[in-house]
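Just so it is clear, none of the values below were taken in a lab; they were calculated from the coordinates. All of these numbers come straight from a predicted model, not from anything done at the bench. Note that we place each Cβ from the backbone using ideal geometry, even for glycine, and neighbour counts take in every protein chain shown.
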Amino acid sequence: MKALKLMKYTFTGIGFALLIGALLAYNHTREFVAGAVQAEGEVVEVIRVETESTDRRSVVSFRPVVRFTPADANKPIQFTDSVGKNPPAHSVGERVLVLYNPQVPSQAHINSFYSLWFMVIIFSVLGTVFALVGGFLFRVHARRLQRRGE
């Protein structure tokens, strides 16, 4: 019974923390998009990123490196997109639209739904799942207490 009580608070707490993270990520992305300037860029490289999953397996993704020139600059800027995919979403030489912060042009992202909103979606989905499991555990615990007459 104590384990169930601990689990219900843990799952609910993690769920709400992830949903708060999703809200913060949403606001950050929304503000970035609202103030960003669009430019055309070119994928100059696709880098292979290897990470280790929780079960110690190797996970490979590919991130595009993009070069673009801001509207009021002569010097091109190069950035690596923050989100990788497998298989690669872009190939070398491909033209892409870039959104960048005009005050800090190195803060740039490929203008795609996936690149801009990936973290918001991940935090939202995980937060919702954890919160729902926590809510379910609260209900199970309440029913058990009710059956025992507590």
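Less than 12 Å Cβ to Cβ from GLU40, Lys/Arg counted +1 and Asp/Glu -1: what total charge do the surrounding residues give? Show your work: numbers first, answer last.
Values: positive: ARG67, ARG95; negative: GLU42, GLU94.
Local net charge: 0.
Let a ≥ b ≥ c be the square roots of the eigenvalues of the Cα gyration tensor of region 22-91; is it rounded (a/c under 1.5), or, if not, prolate (a/b larger than b/c) or oblate?
Values: a/c = 3.22, a/b = 1.38, b/c = 2.33.
It comes out oblate by the Cα gyration axes.
Placing +1 at every Lys and Arg Cβ and -1 at every Asp and Glu Cβ, with all other atoms neutral, what dipole size does region 38-150 have around its Cα centre, in debye to the nearest 20?
Details: 13 positive and 10 negative charges, 181 e Å.
Computed about the Cα centre, the dipole is about 880 debye.
Under 5 Å between amide H atoms, partner at least 5 residues away or on a different chain: which partners does ASN111 have, H built in plane at 1.01 Å?
LEU97, VAL98, LEU99
Of LEU116, LEU132, LEU97, which has the largest mean-square fluctuation in a 10 Å C-alpha GNM of the chain?
Answer for the Gaussian network model of the chain: LEU132.
Does a label point 7 Å from the Cα of GLU94, set along Cα-to-beta-carbon, have any residues of region 52-71 with amide nitrogen under 20 Å, and which are they?
Residues 60-69 fall inside that zone.
Could you give the length gained by full extension between MET7 and ILE121, i.e. 0.36 nm per residue of separation minus their alpha carbon distance, to one decimal place? Before the final figure, lay out the partial values.
Working: separation 114, 0.36 × 114 = 41.04 nm, distance 2.44 nm.
That works out to 38.6 nm of additional length.
What full-extension length gain, to one decimal in nm, is calculated for ASN101 and SER61 as 0.36 nm per residue of separation minus the Cα-Cα distance? Write out the running numbers ahead of the final one.
Details: separation 40, 0.36 × 40 = 14.40 nm, distance 2.59 nm.
Gain on extension, ASN101 to SER61, equals 11.8 nm.
Would any residue of region 4-30 have its amide N under 20 Å from a label point 7 Å out along Cα→Cβ of ARG147? List them or say none.
Answer for region 4-30: 4-9.
Using a/c under 1.5 as the rounded threshold, could you call the chain rounded, prolate or oblate? The axes a ≥ b ≥ c are square roots of the C-alpha gyration tensor eigenvalues, and prolate needs a/b larger than b/c, oblate otherwise. Walk me through the numbers before you get to the answer.
Working: a/c = 4.51, a/b = 2.34, b/c = 1.93.
Note, shape of the chain comes out prolate.
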